[in-house]
Amino acid sequence: MSTPSAATTATPSRWRALTHHHLFWPVAVLVALLLVNVPFTPDFFSIKMTDGHLYGSLVSIVLFGSPLILVAVGMTLVIATGGIDLSVGAVVAITGALTCSYISDQADQNALSAVFLAMGIGLVAAVVCGLWNGFLVARMGIQPIIATLIIMVAGRGVAQLITDGQIITINSEPYKLIGGGYWLTLPFSIFVVAAVVAITVALTRKTALGLLVESVGGNAEASRLVGIRSRRIKIMVYVFCALCAGIAGLMISSNTSAADGNNAGLWIELDAILAVVIGGTSLLGGRFSIGGTVVGALVIQTLTTTIYTIGVPTQTNLVFKAAVVIVVCLLQSPKFRAKVFGAKSGAKSGGTPDSAPAKTVTTAEAAPKMEVS
Amino acid sequence: MSATTKTPTAPDSRTTSTSAPTSKAAALLGDRRLPVLVTAGLFLAMYITGLSRYQNYGFAEPQVFLNLFIDNGYLLVAAVGATFVILSGGIDLSVGSLIGFTTMLTAWLVERQGMPFLAVIPVALAVGAFGGFLMGYVIQNFEIQPFIVTLAGLFLFRGLCLVISKESIAIDDATVNSMAQAQVQLGVGFLSISAMVALVVLAAAFYILHYTRFGRRVYAIGGSEQSAMLMGLPQGGTKIAVYTVSGFCSALAGLLFTLYIQSGDPLHATGMELDAIAAVVIGGTLLTGGSGYVLGTLFGVLVLGLIKTIIQFEGTLSSWWTKIATGVLLCAFILIQRAMTARKKT
């Protein structure tokens, strides 16, 4: 990880431009992870055509990563407003539970109208969850991490209530398509993800919406004063995030043809936050990168796949994830970079803005110590 | 950084609120102790409801009440640790997985390595405290959000559980058995060793938070880190110490949980950090930090425990109602907190 810094000093300008691009680190990590696979599976990058379907490690990474990408894209906008949504995992479970229990009640589970209605019910429930989160955060002014904790805790209970504590299995061909089917040789879920990502990018980067979201995340009060309806924007992003989670819930339950109130989407909120952070979106809000998030989600999925392929026991998956979180966060921390890389080549980061706060801390500590009475 | 919104809110500053010439109701709403009183009242109301409803099923027996401590001793210890972190304005998501890891480590050391349980105790506590220290160190020195660092901790410890073993390890050790079954007679009933330990931890935390310098620093940092720093408080050391305390408490909770369940399992205590946070919040501690009482956490744990007990007595209700009830309570208390803080600002 430390080699690029040596290169930075050699050819400053171009390397700096490249390494300072917001997608540099996420993509570098992704490429490195993909390359790790090559010695273990030489045909890792090859894609085969079988029965009119494309198969290959790269395709399956995108396929299995689809729900995560969706959830993470929704999460990105929430985080951009300075919030966080912990309830997405529960929303995944609720949507899957509602949809599958409706389909399983039908006499003809393959009827298109019933499947669409079921999906509609599931997505409406997701939107209601999002409205509730948005209401608590924007109207009641509750900290996002806490407001969404409520559905995170209660939501799984609700999902289990819907499924009666059972795992509901269904047998519906049309429903199977969304998470496990193929279309134009590619997994159908890839098209869903592509559509959602494209719509999100179009809405946030081709209209002023993205700017408004970033403005609210930068300073909600100031945004309100300049005339941005910051409350409405906040409610909107929570609804959008829940809707994305709902679609992911459809995908997950469709892929397994079952709704599991207890385990569907378990820990996906953590993975999604992780993807957002790896993608370079600041948890403090105020700026975001949808592209970065997609790369981040792919990094996480690739990590999982890599662990499978290189034959490490899958249980250590979580340890690797923890390591990646730490490394990525440390690399993103200006203070860490100043300490580690700055120490080697003092001239390079001599004037980083971090030296100023660091100094105030030391002077504060040097000041006479006072106790709160 | 707007100077108008926040003032350092050490527990002592509540005396100032009485000087405001407002009506009695408003004074009550502004009272910092209100959430704790509400929680205590709720606990009482729930208990009385239980009494009237399940009188014939032995709900009135003192042991039913004491069982709340026996069955939730580990949660109380974990929640006390979480109280320190939340009071300082942070959050610790690694609690549940650290508890799980401790059960796993203990089971592995005792059953597979043949270490005596009494020798494992200090090892487990040291590992937990060190884990907390590391997280605190990273949070403080590299200015990464506590949320994300402890999230990494969550992954790490849960992963380490699975590295030790994917299957659960049952504990047949004689010391563990005798400690788990030991009963401390109290006249009307008995408590387990775990419950006693939990009460001692609670008492220690009460003393530390309300009667020591360290406790006041925790409140000061939670109230306003900026002000605490400008006052010359060693906020860095305090923050690291807070996470170390939480790690230590999680490991201790893990040991108590091991005694309670007598096995190590990589999936033990999944999501317990949320129970701990919920207990702290229901106990009236502000999630923004700086205000709350560790005794409130006790009531938070008791309320959560009583929900489980009532659901058991009800018999027909399913366990998922516990989750829903916890969520509803959490919501109610968050809204109460919100109403209170909104009042204070005006």
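The values are calculated or read from the model by the stated rules, or taken from the named source; none is laboratory data. Since we're looking at a predicted model, the values are computed, not measured. Please note: Cβ atoms are built from the backbone with ideal geometry, for glycine as well, and neighbour counts cover all protein chains shown. Accessible surface is based on the protein model in full, side chains and every heavy atom, while ligands, DNA and RNA are left aside. Shrake-Rupley method; radii C 1.70, N 1.55, O 1.52, S 1.80 Å.
Quick one: in segment B:143-178, of everything that is open to solvent by 50 Å² or more (accessible area, probe 1.4 Å) and charged (D, E, K, R), which residue is farthest from the other protein chains (Cβ to nearest Cβ)?
B:Asp172
State the number of residues belonging to segment A:284-316 that are within 12 Å of chain B (Cβ to nearest Cβ) and within 16 Å of A:Ser60 (Cβ to Cβ).
Going through segment A:284-316 one residue at a time, the tally reaches 4.
For segment B:304-330, which residues satisfy the criterion of being aromatic (Phe, Trp, Tyr) and under 25 Å from A:Ala147 (Cα atoms)?
B:Trp320, B:Trp321
In segment A:253-289, how many residues are buried (at least 23 other Cβ atoms within 10 Å of the Cβ) and part of a helix (DSSP H, G or I)?
Selection size over segment A:253-289: 12.
Could you tell me how many of the residues in segment B:61-89 are closer than 15 Å to B:Thr150 by Cβ and among the hydrophobic types (A, V, I, L, M, F, W, C)?
Counting residues in segment B:61-89 that are closer than 15 Å to B:Thr150 by Cβ and among the hydrophobic types (A, V, I, L, M, F, W, C) gives 5.
Looking only at residues in segment A:185-203 that are at pLDDT 90 or above and in contact with a helix residue (DSSP H, G or I) (Cβ under 8 Å, 6 or more places away or on another chain), which one is farthest from A:Val59 (Cα to Cα)?
My answer is A:Leu203.
Working carefully through the options A:Val372, A:Val325, A:Val361, A:Val319, find the one that is modelled with pLDDT under 80, more than 15 Å from the chain's Cα centre (by Cα) and outside any loop (DSSP other than H, G, I, E, B).
Just a single option satisfies the conditions, and that option is A:Val361.
The rows are residues; the columns are (1) at pLDDT 85 or above; (2) within 14 Å of chain B (Cβ to nearest Cβ); (3) part of a helix (DSSP H, G or I); (4) surrounded by fewer than 18 Cβ atoms within 10 Å (Cβ to Cβ).
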position	(1), (2), (3), (4)
A:Gly141	no, yes, no, yes
A:Thr148	yes, yes, yes, no
A:Met152	yes, yes, yes, no
A:Gly157	yes, yes, yes, no
A:Gln160	yes, yes, yes, no
A:Ile168	yes, no, no, no
A:Leu177	no, no, yes, yes
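Under 8 Å between Cβ atoms, which residue pairs at least 6 apart in sequence (or on different chains) link something in segment A:11-37 that is outside any helix (DSSP H, G or I) with a partner that is β-branched (Val, Ile, Thr)?
Sorted first by the residue in segment A:11-37, then by its partner, the pairs are A:Leu23/A:Val295.
Tell me, please, whether a residue that is farther than 30 Å from A:Arg337 by Cβ and within 22 Å of the chain's Cα centre (by Cα) can be found in segment A:50-58.
Yes, segment A:50-58 contains at least one residue that is farther than 30 Å from A:Arg337 by Cβ and within 22 Å of the chain's Cα centre (by Cα).
Within segment A:179-206, which residues are open to solvent by 20 Å² or more (accessible area, probe 1.4 Å) and either of a type in the set (S, T, N, Q) or touching a strand residue (DSSP E or B) at 6+ places or on another chain (Cβ under 7 Å) (or both)?
Within segment A:179-206, A:Tyr182, A:Thr185, A:Leu186, A:Phe188, A:Phe191 meet the criteria.
Yes/no matrix, rows are residues, columns are (1) open to solvent by less than 10 Å² (accessible area, probe 1.4 Å); (2) basic (Lys, Arg); (3) within 14 Å of chain B (Cβ to nearest Cβ); (4) at positive phi:
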site: A:Ser60; (1), (2), (3), (4): no, no, no, no
site: A:Asp85; (1), (2), (3), (4): yes, no, yes, no
site: A:Ala93; (1), (2), (3), (4): yes, no, yes, no
site: A:Val128; (1), (2), (3), (4): no, no, no, no
site: A:Pro144; (1), (2), (3), (4): no, no, yes, no
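I want to confirm something. Restricting to segment B:302-335 and keeping residues that are surrounded by fewer than 17 Cβ atoms within 10 Å (Cβ to Cβ) and β-branched (Val, Ile, Thr), which single residue is farthest from the other protein chains (Cβ to nearest Cβ)?
B:Thr316
Return the residues of segment B:304-341 that are under 20 Å from B:Leu68 (Cα atoms) and among the charged types (D, E, K, R); say none if nothing qualifies.
Across segment B:304-341, the qualifying residues are B:Lys308, B:Glu314, B:Lys323.
Scanning segment A:292-339 for residues that are touching a residue at least 60 places away in the same chain (Cβ under 8 Å) and open to solvent by 40 Å² or more (accessible area, probe 1.4 Å), which turns out farthest from A:Gly280 (Cα to Cα)?
So the residue we want is A:Gly311.
Quick one: is A:Val312 of a type in the set (A, V, I, L, M, F, W, C) and part of a helix (DSSP H, G or I)?
No.
Give the number of residues within segment B:199-225 that are more than 10 Å from every other protein chain (Cβ to nearest Cβ) and more than 17 Å from B:Gly81 (Cβ to Cβ).
Residues that pass the stated criteria total 3.
Those residues that are aliphatic (A, V, I, L, M) and part of a loop (DSSP other than H, G, I, E, B), I need them from segment A:75-104; list them, please.
Answer for segment A:75-104, where residues must be aliphatic (A, V, I, L, M) and part of a loop (DSSP other than H, G, I, E, B): A:Ile84, A:Leu86.
With the requirement that a residue be open to solvent by less than 10 Å² (accessible area, probe 1.4 Å), outside any helix (DSSP H, G or I), touching a Pro at 6+ places or on another chain (Cβ under 8 Å) and within 19 Å of B:Gly90 (Cα to Cα), what does segment B:218-264 give you?
Selection gives nothing.
How about segment A:105-126: which of its residues are open to solvent by 70 Å² or more (accessible area, probe 1.4 Å), more than 26 Å from B:Lys323 (Cα to Cα) and either modelled with pLDDT of 90 or more or not in a helix (DSSP H, G or I) (or both)?
Of everything in segment A:105-126, those that are open to solvent by 70 Å² or more (accessible area, probe 1.4 Å), more than 26 Å from B:Lys323 (Cα to Cα) and either modelled with pLDDT of 90 or more or not in a helix (DSSP H, G or I) (or both) turn out to be A:Ala107, A:Asp108, A:Asn110, A:Phe116, A:Leu117.
Of (1) aromatic (Phe, Trp, Tyr); (2) under 19 Å from B:Gly89 (Cβ atoms); (3) more than 11 Å from chain A (Cβ to nearest Cβ), B:Phe299 satisfies all except one. Which?
It is condition (2) that B:Phe299 fails.
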